[in-house]
Every structure is written in C-alpha cells, then in structure tokens.
1. When you scan the range 461-469, do you find a residue that is of a type in the set (A, V, I, L, M, F, W, C), under 30 Å from Glu276 (Cβ atoms) and open to solvent by 20 Å² or more (accessible area, probe 1.4 Å), even just one?
2. If you take the residues in the range 85-104 that are within 28 Å of Ser436 (Cα to Cα) and either hydroxyl-bearing (Ser, Thr, Tyr) or at pLDDT below 95 (or both), which one is surrounded by the fewest Cβ atoms within 10 Å (Cβ to Cβ)?
3. Answer yes or no: is there a residue in the range 452-461 that is over 18 Å from Leu263 (Cα atoms), assigned to a loop (DSSP other than H, G, I, E, B) and hydroxyl-bearing (Ser, Thr, Tyr).
4. What single numbered condition from (1) more than 30 Å from Gly165 (Cα to Cα); (2) among the charged types (D, E, K, R); (3) not in a helix (DSSP H, G or I) fails to hold for Arg125?
5. Among the residues of the range 359-381, is any under 21 Å from Phe282 (Cα atoms) and assigned to a helix (DSSP H, G or I)?
6. Which fully enclosed helices (runs of 4 or more DSSP H) of the range 148-201 have 2 or more residues being open to solvent by 40 Å² or more (accessible area, probe 1.4 Å) and under 29 Å from Leu64 (Cα atoms)?
7. Can you pull out the residues in the range 366-392 that are touching a residue at least 24 places away in the same chain (Cβ under 8 Å) and hydrophobic (A, V, I, L, M, F, W, C)?
8. Can you tell me which residue in the range 377-392 is surrounded by the fewest Cβ atoms within 10 Å (Cβ to Cβ), limited to those that are hydroxyl-bearing (Ser, Thr, Tyr) and in contact with a Leu (Cβ under 7 Å, 6 or more places away or on another chain)?
Amino acid sequence: MSNTRRAMIAIDLGAESCRVSLLRWLNGVPQIELVHRHANAPMSHNGELRWDLTQITQQMDVGLRKCAEIATEGIQSIAADGWAVDYVRLNPRGEAIADPFCYRDERTIRSQAGVWKRIAPAHLRSITGTEMSRINTLYQLYADADDLQPKPWLNLPEYVLYRLGGRAVAEYTNATHTQLVDAERRSWSQEIFETVGLSMPAAPPLVRPGTVIGKLSGSHLNLGALEGAELIAPACHDTASAIAGIADSGDDWAYISSGTWSLVGTLLHEPVNGPEAQAADFTNLGAVGGRICFHKNVNGMWLLRQCMTEWASEIDWTVPKLIKAAEHLPPPASLLNVDDPDLLLPGEMPTRINRQLKRRGLQPVAEGAEAAPQMTSLILHSLAARYGEIVSSLAHITGKKLRRIYIVGGGSRNTLLNRLTANATGLEVRCGAVESATIGNFAVQLAAMENPNSEGVEATPVASWAHQLLSV
C-alpha cells in the first residue's frame with residue numbers, strides 16, 4: 001500500500017453531533033482524522049419536533065470540502081451512517097419536501113395505537129422480530145399517511161448519499177429499524193404495508209451493507225479531489241457500523257453501543273424470535289455480512305444530557321466532572337426504571353425522574369445543579385443495573401456463554417459506568433473506540449472497494465479491516 005492511495009470519507013450523523021472524518025494512507029499506514037463536527041439537535045416549532053435538514057446538509061458539504069482540501073491525492077469513496085427510523089420525504093424532482101420529524105415527536109403515541117388496531121402487535125412482532133417501539137418508522141409513516149403517503153421516502157443516511165448523487169436505496173441494517181421488514185425473508189413485508197395502508201412503491205429498494213450506489217456529483221461541492229468518488233451504503237445504521245468496528249471474531253461476547261441510547265446485545269447468524277425473545281422484547285436488526293444484531297434498546301446518556309441542560313443556567317457541569325463527583329458517593333437507596341416512557345421525552349428531566357420516584361413511593365432526589373452528582377449517581381447505577389438484567393436475559397435466550405462485553409461509543413469513556421457495568425454483568429469490560437461507528441464505516445468501505453462490483457460485503461474482511469484500523 002503506497003502513500004498515493006486515495007482517501008476515504010465517513011459521514012456520521014448523530015442526534016447530538018454530526019461528524020465528517022477522513023481516512024488517508026500515510027507511508028502505507030491508515031490514519032483517521034476528524035475533519036469537521038457540528039452540533040445537532042431537534043427543533044420544536046408549532047408543537048412539532050423536527051430536524052434542521054438544511055443545517056445538516058450544509059455542514060456535511062463543509063466537511064466534504066475540507067476533506068478535499070486536505071486529501072490532494074483524491075477521494076476514493078464516501079459513505080454515511082446515522083441514527084435510524086427518521087426519514088426525508090421527496091417530491092417528484094427528488095427534493096426534500098420538509099424538515100424530517102424527530103423520532104421523539106409525540107405524534108407516534110397516537111399512531112402506534114392506530115397501527116395496532118389494523119394489525120395485532122403479536123403478529124407484527126412475529127413478522128419483523130423487532131421491538132415494539134413507538135419511534136419505529138412504521139408508526140411515523142402511519143402518522144403522516146393522510147397527507148404524504150404517495151411520496152417516496154429515504155432514511156436520513158441514505159438521503160445524504162442520494163443527495164450526493166447515489167441512487168435511492170434502503171440499506172438493510174437501517175431498513176430493519178422501520179418495523180416493515182420480514183425478518184425471515186429479509187425483504188419488505190407486503191402484508192404489513194397493505195394491512196396498515198402504506199404505499200409499497202414509496203419505499204426504496206433494499207441493498208446490503210457495502211453496496212456501491214453511484215458516484216459523487218453536484219456542482220455545489222466544486223468537486224476537485226472529490227471527483228469520481230464512489231458512494232457506498234455502509235451499515236447505514238450507526239449501531240450496526242459501531243458493531244462492525246469491533247474486531248473480535250469469537251462468539252462469546254456482548255456489546256453495548258453507549259451514547260444517547262444504549263444498545264445492549266450480541267451478534268447472531270439468524271434471527272431469534274421465539275416466545276422468550278418476544279416476551280423480553282429483544283429486537284433482531286441487520287448487521288454486516290448477513291448477521292443479526294440481537295439487542296434491547298435502553299435509554300442511555302440522554303438522561304444525563306437532559307439533566308445537564310436543566311442545570312446549565314446554574315452550574316456549567318461537564319460529564320467528566322459529574323462522573324468524578326459521583327464516583328465516591330454511596331450507591332443510591334433505590335434505582336430508576338430508565339425505560340419509563342416519560343423519560344424518553346425531552347425537557348424537565350430531573351422533574352420527570354422525581355415524578356417516577358414519587359409514583360413508586362420512593363424518596364425523590366434534589367433537582368438543582370448543586371445536587372447534580374447525586375442525580376448522576378442515580379442515573380448511572382440505574383443504567384448499569386438495567387444492563388445487567390438484559391445481559392442475563394440475553395445469555396439465557398441465545399444460549400451463549402458470554403465472557404466479555406465491549407462498550408463502544410461515547411459511553412466507553414465513562415469510567416464509573418463501566419465499573420458499575422462490570423459489577424452488574426459479571427463480564428470483563430473492554431472499551432472499544434469512542435468513534436466506533438466511524439471505524440465500522442471505513443472498514444465496510446475498505447472491504448467494498450476490494451470488490452466494488454459486488455452487492456455488499458462479508459463479515460470477515462470487514463473485521464480484518466477494523467482490526468487494522470484499531471491497531472494503528
């Protein structure tokens with residue numbers, strides 16, 4: 001590998017920040033640089049919660065141009081991953097109709113009930129193998145159906161690639177989050193579309209992770225080093241990319257993708273959707289190489305971030321300072337139900353937490369910034385306890401003898417939560433990459449460029465590339 005090898009770009013869309021990273025080969029060694037990052041958050045307007053699509057796309061363009069200025073050797077490929085379930089509607093010219101809704105918008109509280117009147121939840125679960133979360137794309141599409149049903153839609157990472165010149169697709173790992181995919185057939189479920197009253201022609205065709213979907217175009221980018229770059233659908237779901245960034249070929253490990261959400265699970269070769277998995281509401285989602293991310297979605301660092309927003313006017317706490325302050329406190333007398341639906345909603349998080357405690361007859365915690373370490377301790381102990389419950393259930397349902405658990409994402413730096421997780425799960429905790437989704441994104445690109453005419457990539461070469469990127 002020479003130092004003239006062309007570079008690659010990974011776009012990571014996050015609910016709190018979006019990032020553009022560059023992979024270059026310097027003296028034959030891969031080097032990853034975070035080139036551009038911008039804050040991201042949903043906007044509340046007229047009672048609706050939406051994403052600022054213009055800001056997201058403009059900032060992505062800024063990142064692409066910066067990469068082109070740095071990588072004068074040229075850009076070989078670009079891929080985008082991000083959070084799941086949210087989508088962009090397109091007009092006949094292929095342009096975005098409006099800012100996309102945020103999954104936390106409350107319209108799906110009603111629409112989920114409407115869907116379940118048309119198709120029984122148990123039957124829906126038996127088809128898709130996915131957990132019954134109101135944020136799933138199915139309930140969002142149903143909420144929008146009266147006005148927008150005939151309009152085509154793309155999930156956000158695929159929309160970013162489409163806007164850059166790629167063809168309209170639904171990458172499989174991301175599509176499984178819609179609750180519209182048949183888990184056994186691994187295709188859109190015609191039964192669900194028809195029963196719920198959604199338009200199948202509006203859904204894009206499914207592709208496997210690692211599929212090349214076009215070449216970069218667009219005069220607004222002034223091309224240059226970007227010219228001719230291949231557009232790749234990686235594992236477009238950021239969790240699937242993050243798991244692809246774990247270089248472990250064994251079958252005795254679990255994972256926690258720890259960030260705004262915590263995804264606690266393990267990799268399987270086939271979906272597990274029996275009575276126990278359904279009762280525990282584990283989800284079967286796509287992973288690289290045809291495998292399955294079998295996990296539960298847990299409310300994660302969202303809880304603490306929301307509290308910090310409330311405290312900001314009094315004391316400017318940072319996460320490291322809160323962890324240090326909470327580290328030496330005694331364990332809380334009681335724990336939260338971190339998956340309480342009320343805690344999924346934005347705003348007034350300390351009040352929401354105390355509302356739950358009072359409802360359960362438990363002692364509330366002081367809500368002010370001066371008591372932030374106590375609230376932090378409560379949140380982190382509660383998260384770790386929940387992880388322990390899920391890992392125990394995970395081992396029982398899958399029959400796996402789990403020995404270690406990888407923590408990837410921003411939560412991998414949370415030393416207190418990691419220690420509590422080791423105690424709660426009884427497993428060896430290994431901290432993976434903070435930007436594991438970026439590692440997985442690049443690993444898929446590298447595997448795809450080895451055979452650019454194939455429809456997707458296999459797990460082994462992706463793991464091999466992830467190992468090489470992590471060892472630098």
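1. yes
2. Result: Arg104.
3. Yes: one or more hits.
4. Exception for Arg125: condition (3).
5. Taking every residue of the range 359-381 in turn, none turns out to be under 21 Å from Phe282 (Cα atoms) and assigned to a helix (DSSP H, G or I).
6. Here the list reads 156-163.
7. Ala369, Ala372, Met375, Leu378, Ile379, Leu380, Leu383, Ala384, Ala385, Ile390, Val391, listed by residue number.
8. Restricting to residues being hydroxyl-bearing (Ser, Thr, Tyr) and in contact with a Leu (Cβ under 7 Å, 6 or more places away or on another chain), the top hit is Ser382.
The values are calculated or read from the model by the stated rules, or taken from the named source; none is laboratory data. These numbers come from a predicted model, not from an experiment. Don't worry about glycine lacking a Cβ; one is built from the backbone with ideal geometry, like all the others, and counts go over all protein chains shown. Please note that ligands, DNA and RNA were not included when accessible areas were found on the heavy atoms of the full protein model with its side chains. Shrake-Rupley method; radii C 1.70, N 1.55, O 1.52, S 1.80 Å.
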